[in-house]
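Rule-based calculations on the coordinates, nothing more; no lab input. Being a predicted model, the structure only gives us computed values, none of them experimental. Note: ideal-geometry Cβ built from the backbone for every residue, glycine included; neighbour counts use all protein chains shown.
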Amino acid sequence: MRSVDNPIKVSVFGAGYVGLVSATGLAAIGHQVVCIDVDAERVERLMLGEVPFYEPGLSELVTECVATGRLRFTTSSHDAIAHGEVLMIGVGTPPLLDGSADLSQVINVAQTIGGLLDHFAVVVVKSTVPVGTSDIVRQAVADGARASGEAIDFAVASNPEFLKEGDAVRDFMQPDRIVIGSSDARAIEILSAMYAPLCSSPKVLMVMSERSSELCKYASNAMLATRISFMNEIAKLSDAVGADVIDVQRVMAADPRIGSKYLSAGAGFGGSCFPKDLRAIVAMGNDNDMNLNLIKSVIEVNDAQQNVLLDKALQHFGSLKGKRCAIWGLSFKPETDDIRDAPALTLIRRLLAEGATVVAHDPLVKWLPMFSSIAPNLFEIVDCQYDAVVDADVLFLVTEWKQFRELDADRLVRDMRECLIVDGRNLWHDKDFGAMPVTYLGVGRSSSHSPAEFGEFGEFGELGELRKLVS
Ligand SMILES: NC(=O)c1ccc[n+]([C@@H]2O[C@H](COP(=O)([O-])OP(=O)(O)OC[C@H]3O[C@@H](n4cnc5c(N)ncnc54)[C@H](O)[C@@H]3O)[C@@H](O)[C@H]2O)c1
């Protein structure tokens with residue numbers, strides 16, 4: 001990777017997934033970066049070299065960049081604004097009750113910048129924000145400046161971030177695309193120079209209007225979420241008509257026009273982006289007197305999908321009252337400890353409401369604050385995945401962590417009270433349970449394994465022998 005000949009002074013507002021990865025990535029390619037957060041404890045931990053969340057490779061890179069002196073942390077707006085020629089806003093944009101994005105954190109930073117800026121700077125909006133936010137930010141910076149009585153010169157640019165949690169460092173350092181939305185030549189020049197070392201080809205850098213730039217982030221997330229909900233709908237149909245969604249997916253993925261990514265059926269999507277961004281784009285449609293029916297359906301299918309695992313267990317048992325339920329995987333996807341809008345949370349809530357007890361395991365998530373008041377005999381998180389299944393009636397696989405791939409089915413049969421496996425990610429779709437007393441239910445897989453398949457005498461009983469003779 002190239003580094004810069006002329007380092008740019010950058011200040012990044014927000015030391016969350018996006019802000020911290022961006023700040024560190026920009027420092028890694030040679031820029032002088034200050035990362036500011038209002039969370040003093042977070043900043044204190046970062047100053048001690050502790051990254052407050054798990055992201056592969058990030059901790060090492062932060063340590064390296066701090067050691068070179070190119071990355072430092074602060075809680076002081078004066079410090080950050082005095083430092084930056086580029087002032088990058090990477091704070092949260094959570095949903096309001098009507099689904100639209102809450103821009104208060106973004107506006108707050110913009111006003112602060114306006115009040116303290118005394119040199120030319122490019123104000124970059126990296127947070128995911130609705131179309132038109134650049135105008136709001138421009139106004140908020142100007143308002144802040146007016147309040148302080150200073151005349152200031154600044155430019156605004158939209159620069160959405162496309163990183164994926166769990167792969168964030170690689171996504172930032174080797175981007176498929178970097179989008180700069182601005183009509184200000186100075187902003188385009190400075191940001192193009194800032195990102196130049198990350199552009200493996202000129203095609204990576206895409207310059208456009210602020211509004212197109214703002215919309216492309218939502219459009220991309222909506223497209224990915226649509227693929228997931230589409231496959232979940234096909235999975236539902238597969239269950240109903242006796243098809244296997246894994247085979248359907250295999251065939252679809254072989255078509256280069258379709259491709260294989262984001263084509264797996266499962267327990268539905270979660271995380272800090274898809275659910276909130278979909279609701280925000282629908283709200284944007286409403287604001288423009290448009291009914292975004294397709295995207296509304298994507299949300300609807302996903303909401304329903306959150307119940308699929310529970311419904312499968314309910315169908316099997318009739319009632320879950322008193323049942324002991326093991327859950328493997330709590331984070332919204334593997335390689336992250338992020339639990340925002342994770343499907344496992346909905347499942348836990350519903351299981352507890354049904355009168356079941358829950359024992360969960362996740363490689364990284366060791367505490368769920370929203371369930372901290374639940375008695376440990378009703379809900380607990382254990383350190384070992386196989387401790388979770390002891391005396392369990394059902395195992396739910398919710399997050400497809402790599403370490404869950406190898407399944408010790410003998411141990412499940414030995415330790416579980418009844419061996420029902422509800423595989424919410426079809427992780428073990430190719431596992432042969434043979435004659436084991438296991439009921440295995442995938443998503444959209446009507447051909448799932450059931451001991452009943454072999455008759456009441458099992459595979460080697462009368463029916464099994466008959467089957468061998470005729471096959
Ligand atoms: N997480 C992702 O995978 C991802 C990917 C692409 C885009 N985004 C978008 O990026 C934005 C940030 O997301 P995130 O996941 O990093 O959020 P986050 O919640 O992890 O981090 C936001 C940080 O901003 C800090 N903050 C709030 N107000 C501040 C202020 N006035 N000054 C300085 N810091 C302040 C918070 O304390 C927090 O640490 C959102 O708009 C999100 O939609 C997120």
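For the pair residue 307 and residue 378, label points projected 7 Å from Cα toward Cβ lie 2.2 nm apart. Listed values for the stretch 26-40 are Karplus-derived 3J(HN,Hα) couplings in whole Hz (6.51 cos²θ - 1.76 cosθ + 1.60, θ = phi - 60°), namely 5, 5, 5, 8, x, 7, 9, 10, 10, 10, 10, 9, 7, 7, 4, and x replaces Gly and Pro.
Couplings 3J(HN,Hα) for the stretch 163-175, derived from phi with the Karplus relation 6.51 cos²θ - 1.76 cosθ + 1.60 (θ = phi - 60°), are 5, 10, 4, x, 9, 5, 5, 4, 4, 6, 7, 10, x Hz, where x marks Gly and Pro. Under 5 Å between amide hydrogens, built in the peptide plane, is the criterion, and for residue 155 it picks out 121, 122, 123 among residues at least 5 positions away or on other chains. Counting every pair of alpha carbons in the stretch 224-299, the share spaced more than 15 Å apart comes to 60 percent.
Taking Rh as the Kirkwood radius, which is the inverse of the mean 1/r over Cα pairs, what is the Rg/Rh value for the stretch 85-225? Value, to two decimals: 0.97. Pairs from the list 217/276; 333/402; 126/333; 126/164 with a Cα-Cα gap above 20 Å: 126/333. Extension gain, residue 209-residue 139: 0.36 nm per intervening residue step, less the Cα-Cα distance, totals 23.5 nm. Taking each residue as 0.36 nm, the span from residue 237 to residue 164 lengthens on full extension beyond its C-alpha to C-alpha distance by 23.3 nm. The residues neighbouring residue 304, those whose beta-carbon lies less than 12 Å from its own, together hold a net charge of -3 under the Lys/Arg +1, Asp/Glu -1 convention. Identify all aspartates and glutamates with a Cα-Cα distance to residue 366 below 15 Å; exclude those on the same chain that are fewer than 8 residues away in sequence. Straight-line reach from residue 366, under 15 Å: 335, 337, 338, 380, 383, 387.
Using the Kirkwood radius over C-alpha pairs as Rh, can you work out the diffusion coefficient of the chain via Stokes-Einstein at 4 °C, viscosity 1.567 mPa s, in µm² per second? Stokes-Einstein gives a translational diffusion coefficient of 53 µm²/s. The alpha-carbon of residue 312 sits under 18 angstrom from the alpha-carbons of these lysines, leaving out residues fewer than 8 places away in its chain: 236, 321, 323.
Inter-label distance, residue 98 to residue 349: 2.3 nm, where each label sits 7 Å from its Cα along the C-beta direction. Taking amide H atoms as placed 1.01 Å from N in the peptide plane, the amide H of residue 421 lies under 5 Å from those of 395, 439, 440, 441, each 5 or more residues away in sequence or on another chain. Looking at the chain alone, DSSP beta bridges between its own residues are antiparallel in about 5 percent of cases. Once backbone amide H atoms are built at 1.01 Å from N, residue 416 has 391 as its partners under 5 Å, excluding neighbours fewer than 5 places away on the same chain.
Partner aspartates and glutamates whose Cα lies under 18 Å from the Cα of residue 296, excluding those fewer than 8 positions away in the same chain, are identified as 98, 233, 277, 287, 341.
If R0 is taken as 41 Å, the Cβ-Cβ distance between residue 79 and residue 431 corresponds to a FRET efficiency of 0.15. When only Cα pairs below 8 angstrom with a gap of at least 6 residues are kept, the chain shows a relative contact order of 11 percent.
For the pair residue 366 and residue 262, label points projected 7 Å from Cα toward Cβ lie 3.4 nm apart.
Here the ratio of the Cα radius of gyration of the stretch 330-390 to 2.2 N^0.38 Å is 1.05. Over all pairs of different C-alpha atoms in the stretch 274-430, the reciprocal of the mean inverse distance, the Kirkwood hydrodynamic radius, equals 16.6 Å. Our coupling estimate for the stretch 281-296, obtained by passing each phi through the Karplus curve with A = 6.51, B = -1.76, C = 1.60 and θ = phi - 60°, is 6, 5, 4, 5, x, 4, 4, 10, 6, 10, 9, 8, 4, 4, 5, 4 Hz, Gly and Pro reported as x.
Computed from the Cβ-Cβ distance with R0 of 35 Å, the FRET efficiency linking residue 286 to residue 253 stands at 0.50. Of the three principal axes defined by the Cα atoms of the stretch 85-168, the extents in descending order read 41, 30, 17 Å.
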